[in-house]
Amino acid sequence: MSECCLLWRMAASNNEDSTDLVAREAISYACAHGMVMALPAAPPLPETLTHAPFCLRASRFDASAFALAVRTAPLFSKLIHRMAMAGPEFLARELDEASQHDSFTARLLACYLDAANHPRGLAQPVSLGLHRFDYFMAKGRGEMDQSVVLQQVELNTIASSFGCLGTRASHLHEFVHQLEGSQVDWDHPENRADEALSDALAKAHGLWLKRHSQDSSKEVQVIFVVQPGERNRFDQDILRHLLLARHRIRSVRLSLSEIASKGRLSSDVDRALEIETGPSAALVSVVYFRAGYGPGDYVSEACWQARVLMENSTAIKCPSLSYQLLGAKKIQQILCDPEVLTRFADSPKDAQLMRDCFASQWSLSAKPEAATSTRAAIQLALDNPHAFVLKPQREGGGNNLYEADLKKALLTMSADELASHILMSRIEPIAVDNTIVRNGKIVSGQVVGELGIFGTFLGDTQNGDIFLNETAGYLLRSKLATVDDGGVAAGVAVLDSPQLVNMGLH
């Protein structure tokens with residue numbers, strides 16, 4: 001086990017103002033309550049920790065927009081499940097063009113199709129989703145429109161992070177509010193995302209135990225699939241610790257490379273996943289992916305074989321390959337088609353509620369029959385590049401193209417390359433005043449907040465059984481209004497929480 005030390009600095013001065021003093025107390029609170037991240041360190045130096053970056057006070061967020069995001073989370077979770085139930089034919093058809101021009105999407109799709117078409121059938125039809133649905137609070141669409149609307153940025157179906165540190169950011173803002181003795185009306189929603197996420201993992205573990213006989217001499221564990229050198233490991237470890245403290249379920253962190261060397265199926269008959277985690281092998285009930293969402297995680301062919309091994313096992317995956325693929329930008333784009341959305345929604349009313357959150361999106365298909373619509377979409381963006389964003393089939397932040405980069409891509413990429421992207425109208429989020437605290441330094445200014453609502457879902461994609469579908473807390477990440485793309489782990493956004501207010505006409 002590596003050594004670690006905790007590092008935070010905030011220069012003291014004789015003329016500190018109230019913001020400096022509050023920031024000092026907030027940093028102390030963050031460190032004392034585990035709201036920390038690792039700083040890069042090269043062996044043999046010890047791992048160094050610092051407080052996770054945060055907004056000093058809760059940011060104002062429209063109460064009605066927040067309520068709509070909470071209300072629609074179970075609808076989106078069920079929508080993902082229903083699309084998964086449509087089977088491999090649906091995903092193969094809808095991702096055909098994207099996979100032709102994006103090798104990573106193609107490999108994921110091929111692995112899924114192989115597992116779905118296994119001679120003995122899909123080893124585990126139950127999927128666990130710890131989803132996060134991300135939104136901006138934006139101005140109404142008309143020039144004179146003073147309303148506030150909720151605009152969805154994306155659906156996250158894999159490695160939806162910061163549920164635990166985000167919960168601690170909510171607690172930090174409660175502390176700051178008490179510290180300052182503010183008399184301002186305080187509507188600050190409770191956040192128990194950390195407990196809800198651990199409870200969902202435990203429910204999947206319990207379902208696996210109920211459905212699968214196992215060797216009583218072997219321990220049954222949950223695997224967290226992680227990236228080597230993960231800076232955000234404490235967000236993951238808090239979840240692991242809650243899983244043990246609340247449910248007495250042990251878990252282990254392993255990279256794809258480690259799973260490749262330590263994992264195996266117990267037999268071709270029962271297809272249980274076994275992992276060498278000590279003197280003897282442990283059985284695996286749930287595989288929780290906090291890695292595997294980008295090509296950089298698959299550093300060797302062995303990593304891909306590890307992914308195939310897990311998908312072909314009886315372990316419940318979070319997410320399964322079908323759930324992961326349904327988070328692709330191309331799938332989100334086709335959901336803007338009312339016919340597609342209505343097909344998978346429970347009711348026209350539910351479909352309308354979800355549709356009201358969508359920003360406009362366009363396919364850039366290279367198919368001959370789509371030539372006219374693709375040319376029209378490209379011309380729209382070239383005429384006003386500020387109003388659009390070009391998105392590839394990637395997760396993790398920092399991949400989108402804006403303004404000059406967007407225009408250059410539209411003019412220089414081949415038709416096939418563009419076909420693996422989608423074009424989306426750029427959301428203009430409402431900015432609010434706040435103070436950012438990062439590595440002991442404070443910067444005040446206007447920030448925009450991206451609200452993520454967690455949804456926990458456990459269901460069987462073959463018979464349609466649903467065992468869990470709940471809203472599971474929230475995450476607010478804010479960044480300076482002048483910044484385009486990137487999250488907390490990328491060093492751009494900071495942890496925040498919402499102070500609910502009425503910000504416009506509804």
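The numbers here are math on the coordinates, done by the rules we state, and not lab data. Note that the structure is a prediction, hence the values are computed from the model and not measured. Cβ: placed from backbone, ideal geometry, glycine included. Neighbour counts: every protein chain shown.
Structural remarks
- Tensor-based shape of segment 72-148 (alpha-carbon gyration tensor, a/c under 1.5 rounded, otherwise prolate or oblate): prolate
- Most to least packed among 95-101, 28-34, 157-163 [average Cβ atoms within 10 Å]: 157-163, 95-101, 28-34
- Interchain or long-range residues, amide H under 5 Å from Ile422's placed H: Lys391
- Projecting the Cα positions of Val492, Cys111, Ile331 onto the charge dipole of the chain (unit charges on Cβ atoms of Lys, Arg, Asp and Glu, taken about the Cα centre) puts Cys111 furthest along the positive direction.
- A protection proxy built from the mean count of other Cβ atoms within 10 Å ranks the segments 439-450, 404-415, 169-180, most packed first, as 169-180, 439-450, 404-415.
- Take every pair of alpha-carbon atoms less than 8 Å apart whose residues are at least six positions apart; their mean separation over the length of segment 77-196 yields a relative contact order of 15 percent.
- At an R0 of 30 angstrom, the distance between the Cβ atoms of Asp433 and Ala409 translates into a FRET efficiency of 0.30.
- For segment 302-370, a crude dipole built from +1 on the beta carbon of Lys and Arg and -1 on the beta carbon of Asp and Glu, taken about the Cα centre, is about 220 debye to the nearest 20.
- Which of Cys318, Cys336 has the fewest Cβ neighbours within 10 Å, and the rest in rising order: Cys336, Cys318
- Per-residue Karplus couplings for segment 166-183, computed as 6.51 cos²θ - 1.76 cosθ + 1.60 with θ equal to phi - 60°, are listed in order as x, 4, 5, 5, 4, 5, 4, 5, 4, 4, 5, 4, 5, 4, 7, x, 5, 9 Hz, Gly and Pro entered as x.
- Between the amide H of Ile430 and those of Met137, Ala138, Lys139, distances stay under 5 Å, these residues lying 5 or more places away or on another chain, with hydrogens modeled in the peptide plane.
- Taking only the C-alpha atoms of segment 320-391, Rg followed by Dmax gives 14.2, 40 Å.
- Rounded to 5, percent antiparallel among DSSP beta bridges of the chain: 75 percent
- The string of couplings for segment 238-251 from the Karplus curve (6.51, -1.76, 1.60, θ = phi - 60°) is 4, 5, 5, 5, 5, 4, 6, 5, 8, 10, 6, 10, 7, 9 Hz, one whole number per residue in order, with x for Gly and Pro.
- When only the Cβ of Lys, Arg, Asp and Glu is charged (+1, +1, -1, -1), the dipole of the chain relative to its Cα centre reaches about 680 debye.
- Proxy reagent accessibility, fewest Cβ within 10 Å first, across Ser280, Ser77: Ser280, Ser77
- C-alpha center-to-center spacing [segment 328-374, segment 219-265] in angstrom: 36 Å
- Extension gain, His177 back to Val308 (0.36 nm per residue minus Cα-Cα distance, nm): 42.3 nm
- Prolate/oblate/rounded label for segment 122-255 (Cα gyration tensor, a/c 1.5): prolate
- Taking 16 Å as the straight-line reach from the Cα of Lys367, the aspartates and glutamates in range (excluding those fewer than 8 positions away in the same chain) are Glu94, Asp96, Glu97, Asp102, Asp416, Glu417.
- Relative contact order of the chain, defined on C-alpha pairs under 8 angstrom at six or more residues apart (%): 26 percent
- The listed peptides 19-25, 78-84, ordered by packing as a protection proxy, come out as 78-84, 19-25 (highest mean of other Cβ atoms within 10 Å first).
- Remark on segment 249-335: ratio of C-alpha radius of gyration to 2.2 N^0.38 Å is 1.16.
- Taking amide hydrogens as placed 1.01 Å from N in the peptide plane, the amide H of Ser497 sits under 5 Å from those of Ser59, each at least 5 positions away in sequence or on another chain.
- Classified by the C-alpha gyration tensor, segment 352-452 has a prolate form. Its axis ratio a/c, with a ≥ b ≥ c, is 1.5 or above, and a/b is larger than b/c.
- The simple Förster model, with R0 at 30 Å and r as the Cβ-Cβ distance, assigns Arg246 and Lys210 a FRET efficiency of 0.95.
- Projected-area mean, segment 220-262, by convex hull of Cα positions, square nanometres: 3.1 nm²
- In sequence order, calculated HN-Hα J values of segment 366-378 (Karplus, 6.51, -1.76, 1.60; Hz; x Gly/Pro): 9, 5, x, 5, 9, 4, 5, 5, 5, 4, 5, 5, 4
- Each 20 Å bin from 0 upward holds the following percent of the Cα-Cα pairs of the chain: 22, 56, 21, 1.
- Once you reduce segment 272-308 and segment 49-96 to the center of their Cα atoms, the two points are 25 Å from each other.
- Residue order, fewest to most surrounding Cβ atoms within 10 angstrom, among Ser320, Ser217: Ser217, Ser320
- Only helices enter this figure: runs of n ≥ 4 DSSP H residues, each worth -39500 (n - 2.57), summed and divided by the residues of the chain, yield -11500 deg cm²/dmol at 222 nm to the nearest 500.
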